[in-house]
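This report refers to the structure that appears directly beneath it.
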């Protein structure tokens, strides 16, 4: 894996904690592709892509709107405990092509957020998935501000230029 950089990989999930006694883990999914976690899938699991181990999904099931994974390499509570808080990655080449105006979450994190009047408001720190619309956590000098990433409020996104232009509701950034 030494020939690859961390930029060659994308974060698709995070192991939250063990579940049960037989090696299953609860996973926070950060991917819009549910088949990514199907039995037989090969995923990198570790603190970062460079130190991650390739693991095979033995089984996957949904339990109360949560994804439970069993890796072939994890058959006990002790094995699962070693996976706690580790990240799950896939190679960037495994990503699907997006349509125009669609972006991967990892492409947006770290972009400068600018008011439509030109004022720099902060940096996009996190995308919070919600059923109705995503919320963006924008890091500002006065603290984090949650911003609804709705079509009329997001004026433009320029990933290559490193900026997101927004038209926030009045008073949100005061």
**OP:** Return the total of residues in the stretch 32-62 being touching a residue at least 40 places away in the same chain (Cβ under 8 Å) and within 28 Å of residue 130 (Cα to Cα).
**Re:** 9
Original post:
Conditions: (1) in a loop (DSSP other than H, G, I, E, B); (2) under 25 Å from residue 50 (Cα atoms); (3) modelled with pLDDT of 85 or more; (4) out of contact with any strand residue (DSSP E or B) (no Cβ under 7 Å at 6 or more places or on another chain). Residue 110 meets all but one. Number of the miss?
Top reply: (4)
Subject >> Selection status of residue 48, modelled with pLDDT under 90 and within 18 Å of the chain's Cα centre (by Cα) >> reply: no
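Taking strands (runs of 3 or more DSSP E) that fall entirely within the stretch 120-174, which contain at least 1 residues that are modelled with pLDDT under 90 and within 29 Å of residue 65 (Cβ to Cβ)?
Working: elements: 120-128, 135-140, 143-148, 154-158, 163-166.
Fully inside the stretch 120-174 and qualifying: 120-128, 135-140.
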Original post:
Looking at this structure, is residue 62 under 13 Å from residue 24 (Cβ atoms) and at pLDDT below 95?
Top reply: yes
Original post:
Can you tell me which residues in the stretch 78-101 are at pLDDT 95 or above, out of contact with any strand residue (DSSP E or B) (no Cβ under 8 Å at 6 or more places or on another chain) and either outside the structural domain of residue 48 (by TED's automatic domain parsing) or part of a loop (DSSP other than H, G, I, E, B) (or both)?
Top reply: 82
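The values are calculated or read from the model by the stated rules, or taken from the named source; none is laboratory data. Being a predicted model, the structure only gives us computed values, none of them experimental. Cβ sites come from the backbone with ideal geometry, for glycine too, and all protein chains shown count toward neighbours.
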